[in-house]
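Take a look at the structure set out below.
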């Protein structure tokens, strides 16, 4: 599946004021068995979106009309911890989320975000608290995330700056995963191989036969 480029997103922000959001909560393992990518949206954050009776919990953002259609999620520290399942990112994507803002992320989850076009933004706790407060109290929870400028416009029209590794930023702006970024260098790769075949012909002996 081709990765979507990310430039600027103006959308509803939703609050998930919880720390240590585990990938098992983002998408329970049982749902991975019976469903495929593109089908995980109804089960994203399932353990929290329904109450003990299996009914929608009106206090959870997914069921709150104020946050209907949210594409930006603001959460606490260590978001996406737990198992390394890439389907956690797929589930958020299927739910409509394109940006997750948190104090910190599970390392593998964060890498999976970049590989799938979902933007993970790390902010200091004070900025996260500010966003959570504005999302819940402003007349409308609308935000703007501009990747090129590294700037968030808050619901009360303030600004917060964020930083993303330049290579990751460029990959998102161009809609390229790591394979796509590597293929941009195919000319350099081919040139190196031609030089290397001359310098070390013994290293390529039988290679064509093995890879045919």
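Can you pull out every residue in the stretch 158-212 that is assigned to a loop (DSSP other than H, G, I, E, B) and either under 27 Å from residue 9 (Cα atoms) or modelled with pLDDT under 75 (or both)?
Of the residues in the stretch 158-212, the ones assigned to a loop (DSSP other than H, G, I, E, B) are 158, 162-165, 175-177, 184-185, 200, 205-206, 212.
If the condition is that a residue be assigned to a loop (DSSP other than H, G, I, E, B) and either under 27 Å from residue 9 (Cα atoms) or modelled with pLDDT under 75 (or both), then 158, 162, 163, 164, 165, 175, 176, 177, 184, 185, 206, 212 are the ones that fit.
Tell me, please, whether a residue that is within 18 Å of residue 171 (Cα to Cα) and within 9 Å of the chain's Cα centre (by Cα) can be found in the stretch 122-142.
no
Tell me the residue from 120, 155 that is touching a helix residue (DSSP H, G or I) at 6+ places or on another chain (Cβ under 7 Å), in a loop (DSSP other than H, G, I, E, B) and either modelled with pLDDT of 95 or more or closer than 16 Å to residue 74 by Cα (or both), please.
Just one listed residue meets the conditions, 155.
Which of (1) surrounded by fewer than 18 Cβ atoms within 10 Å (Cβ to Cβ); (2) outside any helix (DSSP H, G or I); (3) in contact (Cβ under 8 Å) with a residue 60 or more places away in the chain does residue 77 not meet, given it meets every other one?
So residue 77 meets the others, but not (3).
Look through 109, 61, 114 and report the one residue that is buried (at least 18 other Cβ atoms within 10 Å of the Cβ) and under 15 Å from residue 19 (Cα atoms).
Exactly one of 109, 61, 114 is buried (at least 18 other Cβ atoms within 10 Å of the Cβ) and under 15 Å from residue 19 (Cα atoms), namely 109.
Condition check ((1) assigned to a loop (DSSP other than H, G, I, E, B); (2) surrounded by 13 or more Cβ atoms within 10 Å (Cβ to Cβ); (3) more than 15 Å from the chain's Cα centre (by Cα)) across all residues:
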| position | (1), (2), (3) |
| --- | --- |
| 6 | yes, yes, no |
| 12 | no, yes, yes |
| 20 | yes, yes, yes |
| 25 | no, yes, yes |
| 31 | no, yes, yes |
| 36 | yes, no, yes |
| 39 | yes, yes, yes |
| 47 | no, no, yes |
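Listed residues 61, 40; which is on the phi < 0 side of the Ramachandran plot, in contact with a strand residue (DSSP E or B) (Cβ under 7 Å, 6 or more places away or on another chain) and touching a residue at least 40 places away in the same chain (Cβ under 8 Å)?
The match here is 61.
Restricting to the stretch 58-74, name every residue that is in contact with a helix residue (DSSP H, G or I) (Cβ under 6 Å, 6 or more places away or on another chain) and assigned to a loop (DSSP other than H, G, I, E, B). Spell out the reasoning first.
Within the stretch 58-74, the subset in contact with a helix residue (DSSP H, G or I) (Cβ under 6 Å, 6 or more places away or on another chain) is 60-62, 67, 74.
Once the filter is applied, which keeps residues that are in contact with a helix residue (DSSP H, G or I) (Cβ under 6 Å, 6 or more places away or on another chain) and assigned to a loop (DSSP other than H, G, I, E, B), the stretch 58-74 yields only 60.
So the check is Cβ under 6 Å with 6+ separation or different chains; which pairs have a first residue in the stretch 138-162 that's on the phi > 0 side of the Ramachandran plot and a second one that's surrounded by 12 or more Cβ atoms within 10 Å (Cβ to Cβ)?
As it stands, the answer is 150/162, since those pairs meet every condition given.
The values are calculated or read from the model by the stated rules, or taken from the named source; none is laboratory data. As the structure is a prediction and not an experimental result, all values here were calculated from the model. FYI the Cβ positions are ideal-geometry reconstructions off the backbone, even for glycines, and counts take in every protein chain you see.
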